[in-house]
Structures are given as C-alpha cells and as structure tokens.
Amino acid sequence: MSSLPSEADVAIIGAGAAGLGAARALENSGLSTIVLEARDRIGGRGYTVMAAPNIAFDVGCGWLHSADKNSFVKIAGRLNFEIDKTRPPWREQSFDAGFPLKERADFIAALDAFYDRAEAAAKSGRDSAASSYLEPGNRWNPMIDAISTYVNGSELDRVSILDMEAYEDTGINWRVRRGYGALMTAYGAPCPLALNCEVTLIDHAGKRVRVETSQGTLTADRVIVTVPTNLIGDESIRFHPALPAKVDAARGLPLGLADKVMLALDEPAALPKDGNLRGATMRTAMGSFHLRPFGQPCIEGYFGGRFARALEDAGDGALAAKAIDEIAALLGNDYRRKLKPLSESRWAHDPFARGSYSHALPGHAGARAVLASPIDGRLFFAGEATSPNFFSTAHGARDSGERAAGEVAGKAKG
Ligand SMILES: Cc1cc2nc3c(=O)[nH]c(=O)nc-3n(C[C@H](O)[C@H](O)[C@H](O)COP(=O)(O)OP(=O)(O)OC[C@H]3O[C@@H](n4cnc5c(N)ncnc54)[C@H](O)[C@@H]3O)c2cc1C
C-alpha cells in the first residue's frame, strides 16, 4: 500500500467498484493515478467476511445481477473465481411454511400485474411515485412494498416510476462462490492506493485541482469522484466553488437501506440447500431468508427500507433477534436453539456509505445523467448512482468507473 503522494495526473476518490473500475481502466494510459480511500480496505459496499471458518458472508453485494451483461463475470473468469449459477430461490417458500403454493401464485400474479401497470405508465414519460400503481385495496400491496424494500432499499412511495423502469434486469442472477467482495478485492489489488485517506474538500478554483484529505493535500489535473450519493448530498465531501446542481442531483438519488444478517445453523441437513423463507406475509416489515446458501451451514437474512432502519436504530443484534423470531415462528421454536448470530450489517450507520444503494425519488429520474456529467473537463463522476441502466449494482458501478476513465483519457489526449 502506498501513502499519499503530493500530486498525480488523476485522483480517484473512493475504492469501491467504481473507483477500482476507473483505476484499472487507466492503468495503461500513461497517466499517473492514485485512488484515495477513506476506509482501511478496498471494495466499499462490496465486502466479504468469513463469518465463521466455513461461512463466507457478503455483507454488501452478493448477486451478479443481469449476469449475462455483467462485466464482473468475465473478471471472475480471469481471476479464477468460481461462479455459481444456481437460480435464486426468491419466489419460493421452503416447506410452504406460512405461505402455501396457491397464495404464492396469487401473490406473484399481483406482483407481476403491478410491474405491468408500472411499465405501461412509464411509457407516458411522466414521473410519479411507483406506489400510485398499486391496485387500491389489493391484499398483497404490503408484500409488494416489502419486495421494493429489498430491490430499491425503499418503499414504493419514494421510488420514481421512470427510474424503476430504466433499470435493466435480464432476469439472470449468479453468485461468486468465494464472495463478490473477495472478487472485488482481487480485481482492485493492482491499483495505486492511499487507504485511511478521507477526502473532505475538492477545490477546483485554481489551475490544478486541490484535494484536501485526512492525510494532507494532493494536487491533480483531473479528479474522478465515486463516493455514495448521500455523502455528496449532505456535503460531507465539499466542492469549492460549490456545485449546487451536483448536490441537488445527489439528493434526488438517496441511498435506500438494505441490511443483511448471517446466522449459523445447527443440524443443517434438515433444511434445503438454497431454500428460501419469507418471514411473514401480508405486511411490509418482514425479513427474507436464504437457507443454506451454497449449502453452507447458515441462514442469511435480508431486511429493507424503514423496517431495516428501525432495526439498525434499535442497536447491534436487533437484526439477528428479529430474524430468529421470524424463522422460529415459521419452522418451530427449536430454531431458537439451532440458530446463532454471526454477523450483521449496519449500512445506514456506516459513515462512508450511509445507506445501501440509490433509487431516484419521484420526479428525479433525470438526476442520474446530471450527476454523471463532467465539470470543466476536470471533475468526473462515477459510482452506481450514475449508471443509466445498472444503477444500484456493483457491475453498474464498475462500468461507470470505466466510463469516467474513458472521459478522462479523452480529455488528456485532446
Ligand atoms: C446490503 C447490500 C446488498 C447489495 N446487494 C447487491 C447485489 O446483490 N448485487 C449488486 O450488484 N449490488 C448489490 N449491492 C449494491 C452494490 O454493493 C453497490 O451498488 C456497489 O458496490 C457500489 O459501488 P460504488 O463504487 O458506486 O460505491 P462504494 O462501494 O460505496 O464505493 C465508494 C467508496 O468511497 C469511499 N469513500 C466515501 N467517502 C469518502 C471520502 N470522503 N474520501 C475517500 N473515500 C470515501 C467509501 O469508503 C467506498 O469505499 C448491495 C449493497 C448492499 C449494501
């Protein structure tokens, strides 16, 4: 690991998928590059931990969404990371527990009808809250909202319908056996880095850009900013002169919240490999549980939206306690003994993320293009929130970094 140099041709702020994508794309450009990262590790919202010696846990991103168009798939191949193509169990309910087949079919029909109405409405080009397209009085509305808390990190009342429709879901979702975060770490390994280096101010008033950090000041010809929108929106990273259009765009693209919990499982053979449980039906505040991912002896829980925020606010251990309550209610009280909390995320309380992934507020679908556009040929913007079609994902973030690197290299030649 290198420390902070006094200058570079290109400074990249943030070593998540976007920053690493930008740095890797510039490695043969002839430009000197440095990635400034506030944390003591790379990967950002891609982070794999060994929750137990035999349990890899992706605390952030886990799925290679739209895998047939996902640039991390090829990278995994090059770096010898095994890809698991088992279909996600999201529409199943193991043992039919609390959610029999007939009800599931009704729910899926209601969910698909909602998506169809939303798609048709988006064709008008007028933006509105996705919640407007719930069928009034439909019994499944709370659960459709729960799905939005997993997909968007937010309930539908705060989700732009035009943004929702702009997302490109090819329906193919794979996983990285050793962890998506581990793949990102390997991908980023060759990048020139300064860790524990929090950027506080980007001063672009003078001839060169001055970047103030917790380790001192660096000057650069060009800067690529990849930090999450919430940090731009609440001005914990500042620009001089100020960039109100960027701050407004970032505020229109807040990070919603999704949190994960990993529980060790005794007597795993009693549960199916890659099974699934919804913690409840008929309400929005509920978890979703992946049983024995990759056959590991564990259950991974997922909570989203306002419910996840309330659980985070309740303090460490609240996600695990809620997960165990919901699983025990479905599978029996024996599971209180069989399940042991290993690890849980707190993305809203993470000072360098402040949430999980971006969604556009109603009326703000255009903000992604505003956020992505360069300023004066010197400041460039990447990160998942700037992706036109793969926002909220790791590959969308990586590709946006590559896009910004292309803009930088174009300027350097011109
Ligand atoms: C729980 C959860 C589940 C997810 N599931 C999936 C999934 O299954 N599939 C998928 O594709 N995506 C998923 N995502 C989303 C995915 O992880 C992100 O979209 C992607 O990793 C974002 O990459 P990024 O580079 O844009 O931002 P980040 O990864 O957030 O990188 C930004 C970097 O900037 C650093 N930084 C912040 N402030 C400063 C500062 N002031 N100075 C210097 N550095 C700073 C941060 O520490 C961070 O390393 C999930 C995310 C979460 C939280």
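The values are calculated or read from the model by the stated rules, or taken from the named source; none is laboratory data. Since the structure is predicted, the reported quantities are computational estimates derived from the model, not experimental observations. With ideal geometry, Cβ positions are generated from the backbone for all residues, glycine too; neighbour counts draw on all protein chains shown. Keep in mind that these areas ignore ligands, DNA and RNA; they rest on the heavy atoms of the full protein, side chains included. Shrake-Rupley method; radii C 1.70, N 1.55, O 1.52, S 1.80 Å.
Remarks
- Degrees between helix 101-122 axis and first principal axis of the chain (Cα, 0 to 90, nearest 10): 30
- Packing, as the average of other Cβ atoms within 10 Å across residues, places the peptides 207-220, 177-190 in the order 177-190, 207-220, highest first.
- Averaged over its residues, the range 223-325 has an accessible area of 32 Å² per residue, based on protein heavy atoms and a 1.4 Å probe.
- Helix-only arithmetic for the chain: the sum of -39500 (n - 2.57) across DSSP H runs with n ≥ 4, divided by the residue total, places the mean residue ellipticity at 222 nm at -9500 deg cm²/dmol.
- Across the accessible surface of the chain, with the other protein chains kept in place and a 1.4 Å probe, carbon and sulfur atoms take up 52 percent.
- log10 of Debye I(q)/I(0), alpha-carbon scatterers only, for the chain at 0.06, 0.11 Å⁻¹: -0.24, -0.81
- Label-to-label distance, Glu103 versus Asn138, with points set 7 angstrom from Cα along the beta-carbon direction: 1.8 nm.
- Span from the the range 254-287 Cα centroid across to the the range 202-224 one, whole angstrom: 44
- For the pair Asn333 and Lys207, label points projected 7 Å from Cα toward Cβ lie 7.7 nm apart.
- The heavy atoms of Ile55 offer some 0 square angstrom of accessible surface to a 1.4 angstrom probe.
- Electrostatic tally near Ala38: other residues with Cβ closer than 14 Å to its Cβ, Lys and Arg +1, Asp and Glu -1, net -1.
- Computed E for Asp68/Ser236 - FRET, C-beta separation, R0 35 angstrom, nearest 0.05: 0.40
- For the range 68-76, Karplus couplings with θ = phi - 60° (6.51, -1.76, 1.60), whole Hz, Gly/Pro x: 6, 10, 9, 5, 6, 5, 5, 4, 4
- In summary, the lysines within cross-link reach of Lys322, defined as a Cα separation below 17 angstrom excluding same-chain residues under 8 places away, comprise Lys260, Lys338, Lys340.
- Antiparallel bridges, percent of DSSP beta bridges restricted to the chain (to nearest 5): 70
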